[in-house]
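Worksheet for the structure shown next.
Only the coordinates and a few stated rules stand behind these numbers; no lab work does. Not measured: the values here are computed from a predicted model. Using ideal geometry, Cβ is built from the backbone for each residue, glycine included, and neighbour counts are taken over all protein chains shown.
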Ligand code: CMX
C-alpha cells in the first residue's frame, strides 16, 4: 500500500505535542486562569473555559478563525478546483488537522484518500431502507453512522489490546474512512426520500464536494461551487458548540469515531443548533404564505417577527451563544448570493429580513446577539438550485461538520486527552455554595 502522506505528516506534527502538553501542565497546572459565577452555571456554562481545541477559535466580534485564518482569508488562500473561485473543503480539513495551509498537491492527496476509502457496506443501505418513510433525515443520518460502526478500526484495535500511545493510529483510519463515506450515505438518504429511491453512483474523478453534489443529483457547476463553499464554512466553530462538544465528550470515553460522531450529529439535529437551517426556511415560507405568497414588505416582516416572539418562539437563524456580530459565514453566503443569483426572490427576502430583524431583537434586553448566524442564509441558496426539501438541510451541515469535529477527535487521541467528567451539584448544594460565597465577599 502507498504511504499515506497525511498520516505521516499528522504524526510528525501531533505526537511531539503530546509530550510538550504534559510538560506544560506539569509546570503550569496550578495557575488560576479564571473564575466563574452561578449565572454561568445556570446559563449553559457560557464563557467557562473547559477544554482545549486545536482546530479553530471563535471570536465574539470577528467570528470564526480556522488555525488563525478568517473565512474571507480562506476563500482567498485555500486551493481551489480548476476554474472555481471557492475553496475545496479538503483544504480546510488539512489546515485544521496539520495547522498549516495545504498546497494543491496536499489537497489532491486528501481527495484521493477519501475517494479510495469511500465504500459503504450494503448493510448500511439495507438498514436505511428498512426505516419508516417519515424518519427524519437527520435521524437516518445518525443511524447510518451507527450502522457503519461495524467498520471501526479503533474499536477492533482496542478489543485486541493496544497501547495508549497508539490510539491515534486506528483513530486516524476511522476518521478518514468516516469522512470519506458520509457523502455517499447522505446522498443515499436524499435520493431515497425525495428522488424515488433512484441512486447515483459516485464519480471518483471529482473532488469530495463535487462528487457529493453529483450523487445528490445536482450536476450543474454552480451547485458544485456552492457545495464547496457550504462544506468549507460549516466545518467547525471551536470546541464548545453542541456538535463539537458532544463528539469530544463521547470520544473521551474512548468511544470510536462512529459512536462519537453520531452523538455530535444528534446534537446538531436540535433546532437551537444545526436544525435551525431547516427552521429558517420553514419560517420564511410561513412568512410568505401569511401574506398570500407575495414577497413581504419590511412592515410585514416586522409584524411577523413580533408575532413569532409573542407566540413564545425564537426567530430562527438569529442570535448566537458566543457571536455578538453578523456571522461571517452569513456574510460569505450573502456575497455568494449577490454574485451568482442577484435576482433570486428568496435571497431577496433573506436580505430584507436581515434589514428588519436585528433592530427588533436588539430592543429586547435579554437577547445578547440580534445578528444573523450561518443558518439564516443557507437554505435560500439551496432552494435557488432546486433543493427545496428543507428537512434534509441539516444533513448537509452534518457532512461538513464532520471535518472539524473528527479532526479534533483525532487530536484528542494524539494528545491523550482524558475522560471528561465535570462536577455537578444539587440545588441545595448550589444554595450552600452561594451562602459561602456571600460570607467571604
Ligand atoms: N429569537 C427569539 N428569542 C431569542 C433569540 C431569537 N433568535 N435568540 C435568543 N433569544 C432569547 C433566548 O431564547 C433566551 O430567552 P429565555 O431567557 O426566555 O430562555 C434569551 O433570548 C437569552 O438568550 P441568549 O443568551 O441571547 O442566547 P443563548 O446563548 O441562550 O442561545 C441561540 C443562543 C442560538 C440558541 C439563540 O440565539 C436562538 O435560539 N436562536 C435561534 C435558533 C438558531 O438560529 N440557532 C442556530 C445557532 C447557530 C448554529 O448552531 O447553527
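For the reader, a short list of remarks on this structure follows.
- Helical runs assigned H by DSSP (4 residues or longer) give the chain a calculated mean residue ellipticity at 222 nm of -19000 deg cm²/dmol, each run adding -39500 (n - 2.57) before division by the residue total.
- P(r) for region 172-226, from all Cα pairs and a bin width of 5 Å, is 4, 21, 27, 23, 16, 6, 2, 0 %, short bins first.
- Region 205-287: C-alpha pair distances exceeding 19 Å, %: 56 percent
- Stokes-Einstein D for region 394-441, Kirkwood Rh over Cα pairs, 37 °C, 0.692 mPa s (µm²/s): 225 µm²/s
- D by Stokes-Einstein for region 84-129, Kirkwood Rh over Cα pairs, 4 °C, 1.567 mPa s: 105 µm²/s.
- Fully extending the segment from residue 59 to residue 20 would add 11.4 nm, taking 0.36 nm per residue of separation and subtracting the current Cα-Cα distance.
- Residues 396, 78 arranged by fewest to most Cβ contacts within 10 Å: 78, 396
- Span from the region 386-441 Cα centroid across to the region 218-243 one, whole angstrom: 22 Å
- Per-pair calculated FRET efficiency, R0 = 22 Å: residue 2 and residue 122 via Cβ, rounded to 0.05: 0.25
- Model label points for residue 352 and residue 339, set 7 angstrom from Cα along the Cα-to-Cβ axis, are 2.6 nm apart.
- Ranked 153, 71, 38, criterion: other C-beta atoms within 10 Å, fewest first: 38, 153, 71
- Spacing of the modelled spin labels on residue 310 and residue 295, each 7 Å from Cα toward Cβ, amounts to 2.7 nm.
- Using a Gaussian network model of the chain in which every pair of alpha carbons under 10 angstrom is joined by a spring, one finds that among 151, 62, 105 the greatest mean-square fluctuation is at 105.
- Over all orientations, the chain has a Cα convex hull whose mean projected area works out to 23.9 square nanometres.
- On the principal axes of its alpha carbon atoms, region 161-264 extends 47, 29, 26 Å, with the longest extent given first.
- Here the Kirkwood formula, the inverse mean of 1/r across different C-alpha pairs, assigns region 295-420 a hydrodynamic radius of 16.5 Å.
- Each semi-axis of the equivalent ellipsoid for region 347-441 is √(5λ) with λ an eigenvalue of the Cα gyration tensor; in descending order they amount to 39, 28, 11 Å.
- Computed from the Kirkwood radius of its Cα pairs, the Stokes-Einstein diffusion coefficient for region 15-136 at 4 °C and 1.567 mPa s stands at 68 µm²/s.
- When the chain is treated as a GNM with alpha-carbon contacts under 10 Å, the residue of 94, 221, 190 showing the greatest mean-square fluctuation is 221.
- Comparing 386, 416, 29 in a Gaussian network model of the chain, where Cα atoms under 10 Å apart are tied by springs, the biggest mean-square fluctuation is seen for 29.
- Calculated FRET efficiency for the pair residue 440/residue 134, C-beta based, R₀ 56 Å, to 0.05: 0.50
- Per-residue Cβ neighbour rank within 10 angstrom, fewest leading, 228, 324: 324, 228
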